[in-house]
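Taking it in order: structure first as structure tokens, then the write-up.
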Amino acid sequence: MRKHIVIAAAAIGLTAAPAFAQTTSSQQSSQENVIGTILGTLFGGQQGDTDTIEAQWAAGRTPLSNQRVEFETRVDSAVSARTLDPATGVRLKSDYLELMQLETRYGADRRFTSAERNELADRYGALTQVLADGAYADAGTSTTAEVADGRAAFVTRVNTAVSQRRISRAQGSRLKTDYATVVGVETAYLRDGVITASERADLDARLDALDVRLGDAGYAAAPLTPRARLDAIGRALPSSRLSTAERTQLQVEYEDLTRLESAYSRLSVSADEQAYLDRRLSELETRARVRLGANSY
């Protein structure tokens with residue numbers, strides 16, 4: 001008898017027997033309902049979703065590739081509903097694209113081995129688990145007072161702008177005071193010892209607003225070619241004001257987009273595919289803080 005694929009992990013219990021299901025906690029049941037909803041949205045089934053996916057692979061089809069838009073729509077909805085933070089949403093889309101590419105490679109001969117189907121199912125299950133949990137299990141936190149550490153450099157930039165008469169002394173004083181306020185916010189966030197991803201995003205947004213007011217490094221307009229945009233991102237990442245975990249994550253996405261751009265450059269891609277690449281590049285440019293005349297700040 002053909003082995004059923006278990007989406008997520010065995011502990012999630014999507015294919016568990018009723019007797020076992022009765023022993024699960026309410027939290028686990030809630031996770032199962034969320035994952036079931038995700039699968040139902042993507043593949044139109046209920047308890048038989050795993051069979052539907054396996055049947056498509058067995059027939060040599062690529063269901064994950066075919067359902068990319070639906071998956072990304074589900075991620076966007078979760079971000080809009082604030083059950084998923086934007087950074088996790090971007091990472092999910094990147095991981096799904098990587099999985100989709102793996103599925104395409106495995107299915108190039110229109111057949112999937114049992115090992116290939118199991119690997120795809122396990123990795124897809126992990127992504128649906130992230131949607132259910134609202135975060136990756138390895139989601140990092142920061143314990144570094146990065147804003148406070150950057151205060152001296154910011155003051156130097158302000159003094160330079162004042163001396164060059166790009167801003168008035170009053171504006172410079174106000175900028176220094178407002179930067180001190182952001183340092184205070186960071187100190188408050190660190191009272192429990194860590195800064196979460198959402199808190200770091202809030203701090204970055206405040207600092208970005210100060211940078212705009214200072215006006216010494218505006219955000220870059222998008223270069224004409226995807227390759228040029230990737231080059232700018234590659235230069236910005238090593239010195240960007242991001243945590244090590246965030247830089248590592250962005251580096252993975254940068255390498256993924258580099259491979260995608262290279263593949264697209266050899267093909268005649270559709271308008272939708274080009275739009276998808278442009279959107280992914282824009283998201284990465286924003287998070288990597290690509291700047292005019294500077295790699296980062």
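Rule-based calculations on the coordinates, nothing more; no lab input. Just so it is clear, the structure is predicted and the values come from calculations on it, not from any experiment. We place every Cβ from the backbone using ideal geometry, glycine too, and count neighbours over all the protein chains shown.
If the chain linking Ala58 and Glu273 were pulled fully straight, counting 0.36 nm for each residue of separation and taking away their Cα-Cα distance, it would gain 74.7 nm.
Since only Val162, Thr177, Ala188 are under comparison, the one whose Cα sits farthest along the positive direction of the charge dipole of segment 159-214, derived from C-beta charges on Lys, Arg, Asp and Glu, is Val162.
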